[in-house]
Amino acid sequence: MSLASNASLVVLADETAIARAVAESFVAKARAAIEARGTFSVALAGGSSPKAAYALLATEYRDALAWGQVRFFFGDERCVPPDDDESNYKMAYQAMLGPLGIPGGHVFRMRGEDLPASAAVAYAAILTSELPAAHGAPTLDFIMLGMGPDGHTASLFPGTDPLTGDDELVRAPYVEKFGTYRITLTPRVLNAAYDLEVETAGPSKSDALAAVLEGPYDPTALPIQILAPSAGRLTWLVDRAAAAKLTALPP
Ligand code: 6PG
């Protein structure tokens, strides 16, 4: 598999460099969207990778844009209450949303405390009511994603064809490896976005990154390979450690 014409790979020195690049990219995309449409909708990534970028946005970049024009969504969520340490919402709130004083009405969290299937249906309704629809799905300006060492992204995990039931906008899969349910945007929504950005760092991701970018196309085994924005762009922001096993690096 090689990069599509609307995809690019950026290799940076380390996680610190990536955090700054993610923050800079967020600000640039937000400014452009607010300039063009008066608003910016972003789905936040969970996990640990984006924390440093969120913290930068809440500190060094807090005066960089009109935060009141930004609406925050989520790419996925664990099925836990919002005050649980596992919650992606809690991580984002503590790192960025709280310190920036983002009003509750501008944050659309997935309700991990509810029955997973009900939470998925409810979130699909929120996407439909809050976002314009292009390419047949609610369209986010920007979706921030990470990648697991197994090639998952959001909560699309190996073993299930990520296109299963792709008429859905949000899905609540049971994840065997964790013995729990998750809530996740489906490829239909991911690939409708104007901008997708995957932030991946560290040696633990090097095997997956090489398999995803240079191995055969097999999204059931490597769900992140499903990322193929229909009209937007996909940017991989990786560090040298994660890129260590790639045979072809950008110039
Ligand atoms: C989650 C994320 C998940 C994450 C990857 C990478 O809920 O955990 O949505 O897809 O982005 O697992 O996680 P790290 O950034 O912690 O490596």
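Since every read-out is calculated from the coordinates, none of them should be taken as a lab result. Everything numeric in this text was worked out from a predicted model, so none of it was measured. Virtual Cβ from ideal backbone geometry, glycine too; neighbours counted across all protein chains shown.
What the table shows:
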item	result
Charge context of GLY232, other residues only, Cβ under 11 angstrom, K/R +1, D/E -1	-1
Under 12 Å, Cβ to Cβ, from PHE108 - net charge with Lys/Arg +1 and Asp/Glu -1	+1
Mean separation of Cα contacts under 8 Å (6+ apart) over length of the range 1-155, as relative contact order %	26 percent
Inter-probe distance in nm under a simple model that places probes 7 Å from Cα toward Cβ, at THR16 and ALA133	4.8 nm
Gyration tensor verdict on the chain (Cα atoms; rounded if a/c is under 1.5, prolate if a/b is larger than b/c, oblate otherwise)	rounded
Under 15 Å from the SER5 label point (7 Å along Cα→beta-carbon), backbone N, the range 224-251	229-234
Local electrostatic count at PHE73 - Lys and Arg +1, Asp and Glu -1, tallied over other residues with Cβ under 12 Å	-2
Directionally averaged projected area (convex hull, Cα atoms, the range 1-123), nm²	9.3 nm²
Distance between modelled label sites at ARG31 and THR59, nm, 7 Å Cα→Cβ extension	2.2 nm
